[in-house]
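Here, each number is a calculation from the coordinates, and none is a lab measurement. Since this is a predicted model, take the numbers as computed values, not measurements. Positions of Cβ are generated from backbone atoms using ideal geometry, with glycine treated the same way; all protein chains shown enter the neighbour counts.
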Amino acid sequence: MVFGLVYYFGLKQGVGAESLSEFIQAVHLDTHVASSASALRQLKQRVTQAVEDYQSAQAAHCVPRKDQGICVGADETFFGLPVLVLLELSSGYIFVETECENRTYATWMDQVNQWWQDSPWQCHYLVSDGAKALVKLAVSGLGCVSVADLFHALRALGKPIGRALGQRIAAMKKQQDKRQKQLRKHHEGEDGKAFQTLIENNETALQQVQQDEKIYHEALEQISQTIHPFTLDSLQWQTQKRLLTDLAAPLQCLWNLAPTYGAHKAQQAIDTFEEQINSFAQGIEAWQQWVTIALDGQTQDRALRNWLLSRLLPWVYWQQQADKTRHPSLKRRYQDAASDAFDTLFEHDITLQLTDQQRARWVLWSQEFCAKYQRTSSAVEGRNGYLTKLHHARRGFSEQSLSVLTIIHNFDLKRQDGTTAAQRLFDYNFPDLFEWMLDHIGDLPRPRRSAKPQQMKPSYAAVVPA
């Protein structure tokens with residue numbers, strides 16, 4: 001229990017030794033284990049060392065397969081000095097997580113080379129917010145495609161118009177409430193009629209702005225639904241030409257709103273997004289090539305390959321998207337696409353010709369590769385949020401503490417299926433980190449015992465007369 005307190009709360013949540021000491025004394029464990037803050041700091045250091053020893057013990061199994069493909073995301077978070085974070089997006093495994101003095105290309109490359117140089121990894125694309133150093137890291141450093149982060153792109157696209165719409169609606173509602181109060185005071189005569197006319201006009205204007213807001217949200221939603229490797233309507237592979245065509249309508253809606261809401265800033269945001277469309281298309285093409293190359297090593301049967309690429313992959317992909325998204329309308333749209341793809345899948349002769357075992361094998365293969373299509377670096381953003389919380393709790397990171405947090409992320413944090421990032425990336429069943437640590441860390445420190453014999457205090461019954 002004490003090792004668990006130090007590991008799960010002291011290391012993973014940043015709880016201080018004083019708080020842990022207070023808890024141990026409150027539950028009367030201090031009679032069995034050293035509970036002072038200084039003793040717990042020493043114990044925390046032993047736990048930290050055990051976590052590092054665990055990584056060293058598992059290093060032999062952290063070896064990529066020949067030409068193993070990966071897709072990575074990179075970003076920085078700032079705590080005085082920037083912390084560079086680069087992780088493999090489909091598995092969540094962190095390759096780089098370190099505090100550096102700057103975030104230049106040279107600094108990034110120094111960190112990346114520690115695992116990239118002379119390794120058999122094959123990086124297919126890097127997703128980022130488009131910082132120049134990260135684009136160069138992808139193209140020149142890793143030799144892969146640089147893909148714009150759709151999360152950042154949509155946020156930048158919608159922010160000027162969304163903010164202007166929100167401010168306009170809030171101001172009009174406030175004005176409406178004010179005139180309603182004035183109408184209640186002057187509900188009779190010419191003043192009352194004038195206020196009633198103003199309220200009606202304001203209500204009409206408010207409805208128009210709310211309609212514009214609906215158009216704005218629908219446009220952003222349509223853009224998000226379009227940037228996928230398969231089209232929602234025809235379930236065919238997405239192409240650059242089709243992507244440009246399908247994005248034209250929602251972007252035109254935003255262009256129509258921009259002069260009224262956001263003006264120059266909104267127009268600049270749309271221009272910037274349009275410049276990134278080629279990057280989104282390149283990301284889709286890079287994934288398509290990855291799938292095709294991987295399929296070459298699995299089968300040379302042309303009919304089976306066509307069935308996999310045109311029938312099975314679309315169904316698996318939209319099913320995964322429907323499971324992942326929490327947005328109600330998007331979930332319904334993806335579920336409809338998955339349902340249509342399922343019907344198309346079972347209309348094909350090969351689906352029924354394969355045995356259950358064969359179908360299961362190809363479904364698992366498709367699930368693995370559909371998970372490798374990543375259009376955002378949200379996993380990196382989530383990691384940055386976790387580090388921010390711990391940075392404030394601990395008032396900073398040492399090099400060792402940040403390294404240990406990286407190990408815990410890779411080998412201990414689990415998804416719903418019970419797998420860790422290291423298991424997903426290296427396809428190896430690593431031992432449980434906490435259980436391994438308990439077997440290798442040794443005994444708990446004992447509480448101090450006084451050399452003098454303790455005198456028994458007289459009981460209450462002995463000193464109070466009956």
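Couple of notes before you dig in:
- Of all lysines in the structure, those lying under 30 Å Cα to Cα from residue 241, and not within fewer than 8 positions of it along the same chain, are 132, 136, 159, 214, 265, 324, 331, 372.
- The stretch 78-166: GluC sites (Glu not before Pro) in DSSP loop, at most 13 other beta carbons within 10 Å: 101
- Between the stretch 9-44 and the stretch 76-95, the C-alpha centres lie 30 angstrom from each other.
- Reachable lysines, given that their alpha-carbon falls under 21 Å from the alpha-carbon of residue 389 and they are not under 8 places away in the same chain: 12, 44, 414
- Exposure proxy order (Cβ contacts within 10 Å, fewest to most) of 373, 105: 105, 373
- Charge dipole of the stretch 104-261 (Cα centre as origin; +1 on each Lys and Arg Cβ, -1 on each Asp and Glu Cβ, all else neutral): 500 debye, rounded to the nearest 20.
- Cβ crowding within 10 Å averaged over residues, with 308-317, 284-293 ranked highest first: 308-317, 284-293
- Cα lying deepest toward the dipole's positive end in the stretch 298-375, options 367, 315, 329, charges on Cβ: 329
- When each of the peptides 401-413, 263-275 is scored by how many other beta carbons lie within 10 Å of its residues on average, the order from highest to lowest is 401-413, 263-275.
- With helices as the sole contributors, the chain gives -20000 deg cm²/dmol at 222 nm; each DSSP H run of n ≥ 4 counts as -39500 (n - 2.57), and the sum is divided by every residue.
- Of 228, 32, the sequence from fewest to most neighbouring Cβ atoms within 10 angstrom is 32, 228.
- Taking amide hydrogens as placed 1.01 Å from N in the peptide plane, the amide H of residue 145 sits under 5 Å from those of 125, 126, each at least 5 positions away in sequence or on another chain.
- For a modelled paramagnetic label at residue 339, 7 Å from Cα along Cα-to-Cβ, the residues of the stretch 213-246 in reach, with backbone nitrogen under 15 Å, are 233.
- Which of 402, 43, 388, positive extreme of dipole for the chain (C-beta unit charges): 43
- Peptides 276-283, 45-52, 345-352, ordered by how many other C-beta atoms sit within 10 Å of their residues on average, highest first, read 276-283, 45-52, 345-352.
- Cα-centred dipole magnitude for the stretch 53-175, charges only on beta-carbon of K, R (+1) and D, E (-1), debye, nearest 20: 1060 debye
- Rounded to the nearest 20 debye, the dipole size of the chain about its Cα centre is 1520 debye, using +1 on the Cβ of Lys and Arg and -1 on the Cβ of Asp and Glu.
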